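Chemist: Sharing a structure here in structure tokens format.
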């Protein structure tokens, strides 16, 4: 159950990050203050304080009944204000030289290592999702949390349905490719189309001399320069007789 809870929390984080990225994309701005305002509105809309001192996240509630063991204010300081301050500080440190820049780079590496260790501990049973959460003693309340079975059932059902549709579509494409590339089927299909015509073929010079349609993969004969579809010129070559000038000695060349 604990492993499922952690997987559910990762799903919740992915949902939150995807919607947050989409929301910022719609703003169409790189101004950090504007993004800070957007983060604030987004945070207030997706988090709700409870009387027992915990904070319930909208995306976490979609997958579990869990919550964060901290106030909404503390979560706001860590997730929104802290993120903004770190981004600002990082941009500033990239423009300076000397020992402040070196210390900052080492701090970034140290935090990355701490984040990796925290992730491994999280997978092994810990309940804090980042080193900052661990430092502030913010945990996911897993003891009373339960998975929402309908969420995963619906996800699995949608995945199976999508997989079945892909298999069906691939089968249809494979069938069409086998039939359309088969010379025997292609020849008989074109003969059936020609035999179904009730009036003589009207050729306006740019159409195939055999089927009367606009030629596909156009070829022409060297005897009278008549245009043909590739499949139609194969039939003409099989007959060994040009249907226009009735020549017995001719070749078909690509028209390009």
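Chemist: Take the Cα coordinates of region 199-254, assign each an equal point scatterer, and use the Debye formula without solvent to give log10 I(q)/I(0) at q = 0.15 Å⁻¹.
Modeler: -0.34
Chemist: Then there's this: Per residue, how big is the convex hull of region 90-133 when only Cα atoms are used? Give it in Å³.
Modeler: Details: hull volume 2.6 nm³, N = 44.
Measuring per residue, one finds 59 Å³ for the Cα hull of region 90-133.
Chemist: For a quick protection proxy, order the peptides 224-235, 31-42 by their average other-Cβ count within 10 Å, most packed first.
Modeler: Working: 224-235: 20.1, 31-42: 14.5.
Answer by packing, highest mean first, reads 224-235, 31-42.
Chemist: Show me 216-222, 101-107, 237-243 ranked by packing, highest mean number of other Cβ atoms within 10 Å first.
Modeler: Working: 216-222: 16.4, 101-107: 12.3, 237-243: 13.9.
Going by the mean number of other Cβ atoms within 10 Å, highest first, we get 216-222, 237-243, 101-107.
Chemist: Between residue 97 and residue 21, with labels modelled 7 Å along Cα→Cβ, what's the label distance in nm to one decimal, could you check?
Modeler: Going from the residue 97 label point to the residue 21 one covers 3.6 nm.
Chemist: Compute the distance in nm between two label points, each set 7 Å from the Cα along the Cα-to-Cβ direction, one at residue 105 and one at residue 177.
Modeler: It is 5.0 nm.
Chemist: Sticking with this one: Beta carbons within 10 angstrom, averaged per residue: use that to sort the peptides 171-179, 112-120, 76-84, 206-214, highest first.
Modeler: 206-214, 76-84, 112-120, 171-179
Values in this text are rule-based calculations from the coordinates and carry no lab data. Bear in mind the structure is a predicted one, so any value in this text is a computation, not a measurement. As a convention, Cβ positions derive from the backbone with ideal geometry for all residues, glycine included, and neighbour counts pool all protein chains shown.
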